[in-house]
1. Taking segment 401-455 on its own, how many of its residues are in a loop (DSSP other than H, G, I, E, B) and either within 15 Å of the ligand (Cβ to nearest atom) or more than 29 Å from Asn187 (Cα to Cα) (or both)?
2. Suppose we filter segment 220-246 for residues that are in a loop (DSSP other than H, G, I, E, B) and more than 13 Å from the ligand (Cβ to nearest atom); how many remain?
3. Consider Glu217 carefully, then state whether it is acidic (Asp, Glu), more than 10 Å from the ligand (Cβ to nearest atom), open to solvent by 20 Å² or more (accessible area, probe 1.4 Å) and closer than 21 Å to Val470 by Cα.
4. In this structure, does Ile343 turn out to be buried (at least 16 other Cβ atoms within 10 Å of the Cβ) and either among the hydrophobic types (A, V, I, L, M, F, W, C) or at pLDDT below 95 (or both)?
5. Restricting to segment 32-62, name every residue that is assigned to a loop (DSSP other than H, G, I, E, B) and either modelled with pLDDT of 95 or more or under 18 Å from Tyr95 (Cβ atoms) (or both).
Amino acid sequence: MNNYKEIYTGKIKFPEEKKRRIKKKLVKILDEKNFSEKEIDLISYSRGYWPISLQWFLKGYLPSLPNFVTWPINTEQVSEILKLAKEEKVPVIPYGGGTSVTGGVVPLKGGIVIDLKKMNKIIEINDLDLTVTAEAGINGKILEEKLNSRGYTSRHIPQSLPASTLGGWIATKAAGQFSTKYGKIENLVLGLEAVLPNGEIINSKIKPASSTGPEIEKLFLGSEGTIGVITKATLKIWPLPEEKKLLSFKFKSFTESLEAARKILRKGIYPAVIRLYDEDETELKFQDFTEDRESLGIFIVEGMKEITGQEKKAIERICKNEGAKNCGEEPVKKWLNERFDVITDISQYLPMKVVFDTVEVAATWSKIPTLYRKMKKEISSIEGVLLSSAHASHFYLNGACLYFTIGGIPPEDVKLEDFYFNFWSKAMKACLESGGTISHHHGIGLLRKKWLKEEIGESTYRLLKKIKEVFDSSEIMNPGKLI
Ligand SMILES: Cc1cc2nc3c(=O)[nH]c(=O)nc-3n(C[C@H](O)[C@H](O)[C@H](O)COP(=O)(O)OP(=O)(O)OC[C@H]3O[C@@H](n4cnc5c(N)ncnc54)[C@H](O)[C@@H]3O)c2cc1C
């Protein structure tokens, strides 16, 4: 790629002498093949999957380039790189699969990318404890396939499974498609190993639960690369479910489908998957199964045969009581077939100058109706927005996550960035005013940073900054992200 331009200019410029020195030290720590400063590598590590950066890329712009890319093969090498970075005051960007959609891996100030992908071993599968311990760079799909081949599952299946990593999931507090029954990643992690910015390695005990004061290692959940590098983790696993039942229903409205889900959970039934589509998204994705302005809901229950049959009956009864009509297994099979299909979702629209993004938020049940209405109204009111559909796909006894897909073409006199950041501002403002939380699983990154203070409150924000300082006094860890 020739003649690209970098968008962010806060980059720390190294004198050539310092650059040479760092390079020499990095090559000493790593094998030469696990280090690069080739332009092609620097460009590849400049942006992740942040949608606006795809648009920039097509126009020849890059957010920002790192100075070096490294692929350590063990925790000791990560530790040595961090010691060097601290000594030389060079930024470090931990990198898993690079699927961050919030600018989390953009090397804002340049520096050293630590790509964990060569740290990809499964260390132990423990049948008695039902745990898997693996290195943090392991690819999600490979981890799940290896577990499946031994009769287990982690049931953490994000849409980005084929491209994301264990460390990235933990650093962003990711959510998988089966989270309603099994939980988000923070509910699955039983212990982890991490390297602090001074090179020190910390290891937590693997435990089902404990009462031993605050668990410091839990600060790594959602830390987005800002306090250290996660190098290993132990997750809960499950034996593969004996049986699955697929159900779907069409409801007269999204509000009614949400009501059905709330009532199902209230009865203590936790389907592995619940996905409820609003009227617009139903029309886009399931028009073969529904009439005008209906809301489609799909459910998967899984587990022991004796139980799944009972759960299926109960779900059918509750949905019927909400006025829903049974649509059978086909819509669920369609979703199962297409659930990793990102290309048809996104890429085809980019050359048409369509700006898009997804915004996932969450709230307790009492706030969900207002949150949905307000966000949808605010987003749709922007000139140029062509699509603002939503679905709900992660459910809790106390609430749910709403996932909006927004797309549009900026009016001729409006800059791409102004259009994009305007719909984000409207969405975040509407969410905060409705009492929702501004991210359910994509994280804060660069994109949502400016709303974090309002989300968590001034005092907590100050405390979080102090905690970051304690871990990272030299301010080398993923600068400009999260806080
Ligand atoms: C098509 C698509 C679908 C997606 N679907 C989902 C979904 O279903 N559910 C969901 O939750 N998210 C989803 N995402 C978002 C993204 O996949 C998640 O945020 C994922 O958890 C990031 O993992 P990663 O390995 O790619 O991390 P990266 O993108 O490499 O990094 C993300 C952040 O974590 C930090 N980080 C990465 N590894 C480490 C480490 N070892 N130690 C410390 N910090 C680290 C990085 O510095 C960065 O701040 C999707 C993204 C795309 C593009």
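1. Restricting attention to segment 401-455, the residues satisfying the condition of being in a loop (DSSP other than H, G, I, E, B) are 409-415, 434-436, 438-448.
With either within 15 Å of the ligand (Cβ to nearest atom) or more than 29 Å from Asn187 (Cα to Cα) (or both) added as a condition, the list becomes 409-415, 438-448.
Qualifying residue count for the region: 18.
2. 4
3. Values: acidic (Asp, Glu): yes; more than 10 Å from the ligand (Cβ to nearest atom): yes; open to solvent by 20 Å² or more (accessible area, probe 1.4 Å): yes; closer than 21 Å to Val470 by Cα: yes.
Spelling it out, Glu217 is indeed acidic (Asp, Glu), more than 10 Å from the ligand (Cβ to nearest atom), open to solvent by 20 Å² or more (accessible area, probe 1.4 Å) and closer than 21 Å to Val470 by Cα.
4. On the way: buried (at least 16 other Cβ atoms within 10 Å of the Cβ): no; either among the hydrophobic types (A, V, I, L, M, F, W, C) or at pLDDT below 95 (or both): yes.
Judged against the criteria, Ile343 is not a match.
5. Result: Glu37, Lys38, Tyr45, Ser46, Arg47, Gly48, Tyr49, Trp50.
Conditions (1) open to solvent by less than 70 Å² (accessible area, probe 1.4 Å); (2) within 16 Å of Gly110 (Cα to Cα); (3) out of contact with any Lys or Arg (no Cβ under 8 Å at 6 or more places or on another chain), marked per residue:
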residue: Ile7; (1), (2), (3): yes, yes, yes
residue: Glu17; (1), (2), (3): no, no, yes
residue: Lys24; (1), (2), (3): no, no, yes
residue: Glu32; (1), (2), (3): no, no, yes
residue: Ser36; (1), (2), (3): yes, yes, yes
residue: Leu42; (1), (2), (3): yes, yes, yes
residue: Pro63; (1), (2), (3): yes, yes, no
residue: Trp71; (1), (2), (3): yes, no, no
residue: Glu76; (1), (2), (3): no, no, yes
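Residues checked against (1) of a type outside the set (Gly, Ala, Ser); (2) open to solvent by 80 Å² or more (accessible area, probe 1.4 Å); (3) out of contact with any helix residue (DSSP H, G or I) (no Cβ under 7 Å at 6 or more places or on another chain):
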site	(1), (2), (3)
Ile298	yes, no, no
Lys313	yes, yes, yes
Ile318	yes, no, no
Glu322	yes, no, no
Pro331	yes, no, no
Asp357	yes, no, no
Thr370	yes, no, yes
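For every residue, the table says whether it meets (1) within 23 Å of the chain's Cα centre (by Cα); (2) at pLDDT 95 or above; (3) surrounded by 23 or more Cβ atoms within 10 Å (Cβ to Cβ).
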{"position": "Gly151", "(1), (2), (3)": "no, yes, no"}
{"position": "His156", "(1), (2), (3)": "yes, yes, yes"}
{"position": "Gly168", "(1), (2), (3)": "yes, yes, yes"}
{"position": "Thr180", "(1), (2), (3)": "yes, yes, yes"}
{"position": "Asn187", "(1), (2), (3)": "yes, yes, no"}
{"position": "Pro197", "(1), (2), (3)": "no, yes, no"}
{"position": "Ser204", "(1), (2), (3)": "no, yes, no"}
{"position": "Ser223", "(1), (2), (3)": "yes, yes, yes"}
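The values are calculated or read from the model by the stated rules, or taken from the named source; none is laboratory data. It should be emphasised that the depicted structure is a prediction, and the values quoted were computed from it without experimental measurement. Positions of Cβ are generated from backbone atoms using ideal geometry, with glycine treated the same way; all protein chains shown enter the neighbour counts. Surface areas here come from the heavy atoms of the whole protein model, side chains and all, with no ligands, DNA or RNA. Shrake-Rupley method; radii C 1.70, N 1.55, O 1.52, S 1.80 Å.
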